[in-house]
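Asks: My questions all concern the structure below.
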Amino acid sequence: MIEGGGMRGAVSGGMAMALHELGLAESFDAAYGSSAGALNALWLISGRAEDGMPTWTDAELGKDLMSKRRIFGKRPIVDMKTMIEQNYEIVSPGLFEAVLAADTEFHPLATDIETGLAVDLHDQVRDRESLILAARATSNLPLIGGPPVAMNGGRYLDAGL
């Protein structure tokens, strides 16, 4: 289990990086995470933890992540869609395919907005597109992150609710 917590995810990202550097990343059958923790789990099990660190530390990659100016616009204040769908691919082409091919199972947790319960989206991840949706769902902050992420008939928000 890798903790989330918004920008505190930089800490769990560092811990995931340490596991990677120690050669322990493949020692786990599954990696569970919510929000930023799920994103760090994604980097860890892909075997590309070092590629994920700039998403926490590179100001250029994060410059468009948050903007109060978007409060009245169409894009959310916190734009995880762009971060995951565009920036992750810029930093590490083939990242999502590496996660799908990994021996370690990826278990992103999210909140089902119909029930209010935490759910494991692992069984809904079948291909690149559904993996990206699951990564967005687990990190989609209510109110400031845009509408819930629709996936296989459900609608999901950040698991930290």
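Asks: Within 10 Å of each candidate Cβ there may be at most 14 other Cβ atoms; applying that plus a DSSP loop requirement, which trypsin sites (Lys or Arg not before Pro) in segment 84-161 survive?
Replies: Arg126
Asks: How large is the Kirkwood hydrodynamic radius of the chain, in angstrom, based on all distinct alpha carbon pairs?
Replies: In the chain this quantity evaluates to 15.4 Å.
Asks: Determine, from the Cβ-Cβ distance of Ala30 and Ile144 and an R0 of 35 Å, the FRET efficiency 1/(1 + (r/R0)^6), rounded to the nearest 0.05.
Replies: 0.70
Asks: For the chain, what proportion of DSSP beta bridges, expressed in % and rounded to the nearest 5, is antiparallel? The partial results should precede the final answer.
Replies: Working: 10 of 16 bridges.
Counting only bridges with both partners in the chain, antiparallel ones make up about 60 percent.
Asks: While we're on this one: Restricting to DSSP H runs of at least four residues, report the calculated mean residue ellipticity at 222 nm for the chain, -39500 (n - 2.57) per run over all residues, nearest 500 deg cm²/dmol. Mind showing how you got there, number by number?
Replies: On the way: 8 runs with 58 residues, N = 161.
Helix contribution divided over all residues of the chain: -9000 deg cm²/dmol.
Asks: If neighbour count is taken as other Cβ atoms inside 10 Å, put Met17, Met80 in order from fewest to most. Kindly include the intermediate steps, with their values, before the conclusion.
Replies: Working: Met17 19, Met80 25.
Going from sparsest to densest Cβ surroundings: Met17, Met80.
Asks: Another one. Within straight cross-link reach of Lys74, meaning Cα distance under 15 Å, which aspartates and glutamates are found once same-chain residues fewer than 8 apart are removed?
Replies: Within the straight-line cut-off, Lys74 pairs with Asp64.
Asks: Kindly provide the trypsin sites (Lys or Arg not before Pro) of segment 56-124 that DSSP labels as loop, not H, G, I, E or B, and whose Cβ sees at most 15 other Cβ atoms within 10 Å.
Replies: Working: sites: Lys63, Lys68, Arg69, Arg70, Lys74, Lys81; in loops: Lys63, Lys74.
In loop regions of segment 56-124 (DSSP not H, G, I, E or B), the sparsely surrounded trypsin sites (Lys or Arg not before Pro) are Lys63, Lys74.
Quick note: the coordinates plus some simple rules give every number you see, no bench work behind them. Quantities reported herein were computed from a predicted structural model and do not represent experimental measurements. Positions of Cβ are generated from backbone atoms using ideal geometry, with glycine treated the same way; all protein chains shown enter the neighbour counts.
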